[in-house]
Amino acid sequence: MFKKILIVDDEKATVELLQRFFHIKGYEAVGALRGDHGLLMVKVESPDVVILDLMMPDMDGMEVLRQLRSNPDTVSLPVLMLTANAALDGMDKALRAGAQGYMTKPVRFPELIAELERIFNQVHSSQG
């Protein structure tokens with residue numbers, strides 16, 4: 001599984017909850033409360049995966065994802081979109097834009113771990 005997880009979400013409670021959950025499970029988890037801060041944290045922290053909220057006020061998750069995919073250093077960085085938007089068109093857009101996964105809130109931790117494991121296995125099988 002991934003060692004370092006970056007959580008980008010404008011809801012502080014969501015970031016803190018996920019950080020606590022991942023720390024309990026033995027992972028390093030860092031957070032950012034804005035899309036532009038998330039992009040900076042990617043450079044500073046070099047995470048193995050990004051959990052990215054779709055709807056944020058300053059820079060939405062799709063714009064963050066577009067910038068990650070347009071940068072040669074982060075073009076293959078795994079991204080899991082986590083959003084309150086359950087609309088299928090949002091999922092289609094995110095996956096077409098390069099996200100490896102899409103989950104809706106509220107977070108269900110067993111499903112979150114299973115989805116991260118699926119993404120991890122997908123990324124590592126494509127590299128091998």
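So is Val79 touching a strand residue (DSSP E or B) at 6+ places or on another chain (Cβ under 9 Å) and within 15 Å of Ile5 (Cα to Cα) or not?
The answer is yes for Val79.
Please work out if Ser70 is farther than 21 Å from Leu39 by Cα and of a type in the set (Ser, Thr, Tyr). So that I can check it myself, show each step before the final result.
On the way: farther than 21 Å from Leu39 by Cα: no; of a type in the set (Ser, Thr, Tyr): yes.
In short, no.
Name the residues in region 99-128 that are touching a residue at least 24 places away in the same chain (Cβ under 8 Å), within 18 Å of Lys3 (Cα to Cα) and touching a Leu at 6+ places or on another chain (Cβ under 7 Å), would you?
Result: Glu115, Leu116, Ile119.
Quick test of your reading of the structure: Ser46 fulfils all but one of (1) touching a residue at least 40 places away in the same chain (Cβ under 8 Å); (2) small (Gly, Ala, Ser); (3) out of contact with any Lys or Arg (no Cβ under 8 Å at 6 or more places or on another chain). Name the failing condition by number.
All conditions are met except number (3).
Restricting region 49-82 to residues that are under 10 Å from the mean Cα position of the chain (by Cα) and not aliphatic (A, V, I, L, M), which is nearest to Gln19 (Cα to Cα)?
Per the criteria, the residue is Asp53.
Residue pairs, Cβ under 7 Å, 6 or more apart or interchain, first in region 1-30 and hydroxyl-bearing (Ser, Thr, Tyr), second loosely packed, with under 14 Cβ neighbours inside 10 Å and not in a helix (DSSP H, G or I). List them.
Close Cβ pairs (under 7 Å, with a partner that is loosely packed, with under 14 Cβ neighbours inside 10 Å and not in a helix (DSSP H, G or I)) amount to Tyr27/Lys3.
Within the group Arg96, Arg69, which residue is farther than 17 Å from Ile5 by Cβ, in contact (Cβ under 8 Å) with a residue 24 or more places away in the chain and out of contact with any helix residue (DSSP H, G or I) (no Cβ under 9 Å at 6 or more places or on another chain)?
On the way: Arg96 fails: in contact (Cβ under 8 Å) with a residue 24 or more places away in the chain.
On inspection, the qualifying residue turns out to be Arg69.
Where a number appears in this text, it was derived from the coordinates with a stated rule and is not lab data. On a predicted model such as this, the values are computed, not experimentally measured, just so you know. Positions of Cβ are generated from backbone atoms using ideal geometry, with glycine treated the same way; all protein chains shown enter the neighbour counts.
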